[in-house]
Amino acid sequence: MLYYTLRRLNLFIITFLLLAVVSFSLTHLGPGSGLSHLANTDGLGPGQIAALRTHYHLDDNLVVQFGYYLERIFTGDWGYSLSNGEPVFAALTRTLPATLELILAAMLLALLIGIPTGAFAAVYRKSGTDYAVQGLALFGYSIPIYWWALILVMLFSLKLGWLPVSGRLSLLYEIPAKTGFLLVDIWLSKVPYRLEALRDALAHLVMPTLVLATVPTAVVARLTRTSLRDVLKKNYIRAARARGGSMWRVVRRHGLHNALLPVGRILGLQFSALISGAIITESIFDWPGVGNYLINSIYSRDYPAIQGCLLMISTFVILVSVVNDIIFTAMDPLHRKRLHAES
């Protein structure tokens, strides 16, 4: 297992270096000079421009520049936004918790809905319940999330007036930022309107979570159905049923936890889909996360911000994939046995 973990970490390092090469290349492949992609040079004199070129080592060869670029990545010097002069790394660390909060809420909702519906479909195989779950899962997997988001906005915000359209929290509430995760910050705050702010934050979270959780819910439901259906054919399930256990008791005690290993592995791989879905969702609901920051940076041609967003998003996707692979390999003895046999 240690050898497998080292292989996964080695793969992560190599992939991260390749991502850094791609991100570094954007500085030189884009229109304009390389310095214009790193700093706002409007109104600067020749001496200031020369100092910036020296700071970013733009007069050295590309190998040296890339080495210093890696150094700046690890020290948090990701450049400054061309739009407002804010450090890109500071902007990303400020917006990342909002994206993670939305993704975690969507994953939790996908598990809470997808696992029970998939289990019902597997137990009542070839019944109306099974066909209904499969149809809804296919619908959820196929529906464009931007269209689904607009339908929810028109229904629950414009027509019924139940939910807010955009943002994370109403302007009426001022919550001191401690962790960046709004729900956690509200719970930790000592303000007298804490419960009202929590209800308002949850109301803002409902529609973006529903939109973002649509595809992973469909994936979890279909995979739970398939995996549990295969588990229910095993001999130990038949033996448990022969001892007089009811179907749902056997499923809860013996079947479901074995069927969820493939579900957990695939859900970790769905993180990349959640990130791409979060970019669209955040732009529709004006959710102040990394995705919304990336879209605004693209509109304003803010190259340092675009580079930083792409590097952070890609790194998170690969890191989550590697960690998910290591965790579920450690939890699955059959997979570990296959790895030892291959090695």
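Miscellaneous remarks
- Some residue of region 100-113 being more than 21 Å from R265 (Cα to Cα) and at pLDDT 85 or above: no
- Under the condition of being more than 17 Å from L311 (Cβ to Cβ) and either surrounded by fewer than 16 Cβ atoms within 10 Å (Cβ to Cβ) or not acidic (D, E) (or both), the residues counted in region 87-120 number 21.
- Any hit, region 193-208, residues being part of a loop (DSSP other than H, G, I, E, B) and of a type outside the set (D, E, K, R): yes
- Failed item, numbered, when I280 is tested on (1) surrounded by fewer than 16 Cβ atoms within 10 Å (Cβ to Cβ); (2) within 30 Å of V153 (Cβ to Cβ); (3) at pLDDT 75 or above: (1)
- The single condition from (1) in a helix (DSSP H, G or I); (2) in contact (Cβ under 8 Å) with a residue 24 or more places away in the chain; (3) within 15 Å of E101 (Cβ to Cβ) that I186 fails is (2).
- Residues that are hydroxyl-bearing (S, T, Y) and under 18 Å from A149 (Cβ atoms) were ranked within region 262-309; the one that is nearest to the chain's Cα centre (by Cα) is S276.
- A105 vs. criteria aliphatic (A, V, I, L, M), in contact (Cβ under 8 Å) with a residue 40 or more places away in the chain, over 15 Å from P216 (Cα atoms) and touching a helix residue (DSSP H, G or I) at 6+ places or on another chain (Cβ under 8 Å): no
- Looking only at region 234-260, and only at residues there that are surrounded by fewer than 16 Cβ atoms within 10 Å (Cβ to Cβ) and in contact (Cβ under 8 Å) with a residue 60 or more places away in the chain, the one that is nearest to L150 (Cα to Cα): W248
- Verdict on I326 being at pLDDT 75 or above and not assigned by TED's automatic domain parsing to the domain that holds P164: yes
- Going through (1) of a type in the set (S, T, Y); (2) within 22 Å of C309 (Cα to Cα); (3) modelled with pLDDT of 75 or more one by one, T54 falls short only on (2).
- The residues on offer are A218, A240, and the sole one that is among the small types (G, A, S) and in contact with a Phe, Trp or Tyr (Cβ under 6 Å, 6 or more places away or on another chain) is A218.
- Filtered residues of region 109-128 (kept if over 25 Å from the mean Cα position of the chain (by Cα) and either within 20 Å of L260 (Cβ to Cβ) or outside any helix (DSSP H, G or I) (or both)): A119, F120, A121, A122, V123, Y124, R125, K126, S127
- Restricting region 283-306 to residues that are at pLDDT 85 or above and under 18 Å from A20 (Cα atoms), the residue that is surrounded by the fewest Cβ atoms within 10 Å (Cβ to Cβ) is I306.
The values are calculated or read from the model by the stated rules, or taken from the named source; none is laboratory data. If you're wondering where the values come from, they're calculated on a predicted model, not measured in any experiment. Neighbour counts are summed over all protein chains in view; Cβ atoms, including those assigned to glycine, are modelled from backbone coordinates with ideal geometry.
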